[in-house]
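Just below is one structure, and these are the notes that go with it.
The values are calculated or read from the model by the stated rules, or taken from the named source; none is laboratory data. All of these numbers come straight from a predicted model, not from anything done at the bench. Using ideal geometry, Cβ is built from the backbone for each residue, glycine included, and neighbour counts are taken over all protein chains shown. With ligands, DNA and RNA removed, areas are computed over all heavy atoms of the protein, side chains included. Shrake-Rupley method; radii C 1.70, N 1.55, O 1.52, S 1.80 Å.
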Amino acid sequence: CKRDLVAEFCDACRDKGLGVGIYYSPADWRCQGFFMPHLYKKSAERMIKQCYDQVDELMQNYGKVDIMWFDHGDDYIISYGIDLSFPHIPRPKDWRKKPLVKEFWGEFELDKKIRKMQPEIVINNRLGMHRTGDYVTPERVVGGFNTIVPWETCECLSETWGYEPNKEVMSLKRVVTLLVNVVTGGGNLLLNLSPKGDGSIDPKHAKRLLEVGEWTSKYSEAIYGT
């Protein structure tokens, strides 16, 4: 597109006084090595190199990055990637705990590499076997009460992570209830909204966020820090 969209995003965040969080998925579904790493070893190795090269670019070219949010960087995703495309093929019950491929991404090495380039960064736990990272990320469920281990619930404002027209938007009551349950349980709420193809925000999404903002401006003392 002949534009650096990551740079534009980072600049826009900082212009509004926001921190910069970058979502990054190491897994590349275009690679045969994602689905069958044992059979296509060279493809898998190229995917690993691509990951390290892209992380270098993200961590060095855009100034201070506050959050690195990995997704699909789990070892079990690589081990059973084929099952994500062919769900009728059975996988073992403990597939998440006992991946066929271990240490695929070199999570400790990659974590150390990132922190050397960005000493103050916060990283989630979706890499390798989840032994690195600063916080855990229950997805589309509210984590249990926990003030010992930092956690964050990620949830969709509409039904899908990506934009689809005419999808129902979560009601204000439901968003507020979700926010209250997460925050009073010691967690953080990461509420996803889905930009359109041109980058604009669906007016229904914007309206709901503004309504939540009005609610928190009145009642934040009742939930934050309680």
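Do you know which residues across the stretch 1-14 are open to solvent by less than 100 Å² (accessible area, probe 1.4 Å) and basic (Lys, Arg)?
14
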Item to check | Sole residue being in contact (Cβ under 8 Å) with a residue 40 or more places away in the chain, open to solvent by 20 Å² or more (accessible area, probe 1.4 Å), within 24 Å of residue 198 (Cα to Cα) and of a type in the set (Gly, Ala, Ser), chosen from 17, 21 | outcome: 21
Checklist entry - Among the residues of the stretch 107-133, how many are surrounded by fewer than 13 Cβ atoms within 10 Å (Cβ to Cβ) and under 14 Å from the mean Cα position of the chain (by Cα)? => result 0
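Suppose we filter 184, 153, 147 for residues that are under 20 Å from the mean Cα position of the chain (by Cα), of a type in the set (Val, Ile, Thr) and farther than 23 Å from residue 32 by Cβ; which single one remains? Steps first, answer last, please.
Details: 184 fails: under 20 Å from the mean Cα position of the chain (by Cα); 147 fails: under 20 Å from the mean Cα position of the chain (by Cα).
Going through 184, 153, 147 in turn, just one is under 20 Å from the mean Cα position of the chain (by Cα), of a type in the set (Val, Ile, Thr) and farther than 23 Å from residue 32 by Cβ: 153.
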Checklist entry - Just wondering, is there one or more residues in the stretch 52-72 that are at pLDDT below 95, hydroxyl-bearing (Ser, Thr, Tyr) and either assigned to a helix (DSSP H, G or I) or under 20 Å from the mean Cα position of the chain (by Cα) (or both)? => result no
Checklist entry - Taking the stretch 37-51 as the search range and keeping residues that are open to solvent by 30 Å² or more (accessible area, probe 1.4 Å) and outside any helix (DSSP H, G or I), which one is modelled with the lowest pLDDT? => result 38
Next on the checklist: Tally up the residues in the stretch 24-36 that are of a type in the set (D, E, K, R) and surrounded by fewer than 15 Cβ atoms within 10 Å (Cβ to Cβ), please.
Outcome noted: 1
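If you check residue 153 against the conditions, is it part of a loop (DSSP other than H, G, I, E, B), in contact with a Lys or Arg (Cβ under 9 Å, 6 or more places away or on another chain), open to solvent by less than 20 Å² (accessible area, probe 1.4 Å) and at pLDDT 95 or above?
Values: part of a loop (DSSP other than H, G, I, E, B): no; in contact with a Lys or Arg (Cβ under 9 Å, 6 or more places away or on another chain): yes; open to solvent by less than 20 Å² (accessible area, probe 1.4 Å): yes; at pLDDT 95 or above: yes.
So residue 153 fails the test.
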Next on the checklist: Quick check on this structure: which one of 180, 136 is in contact with a His (Cβ under 9 Å, 6 or more places away or on another chain) and either open to solvent by 50 Å² or more (accessible area, probe 1.4 Å) or over 30 Å from residue 4 (Cα atoms) (or both)?
Outcome noted: 136
Next on the checklist: Can you find, within the stretch 193-226, the residue that is nearest to residue 176 (Cα to Cα) among those that are of a type in the set (S, T, N, Q) and open to solvent by less than 70 Å² (accessible area, probe 1.4 Å)?
Outcome noted: 216
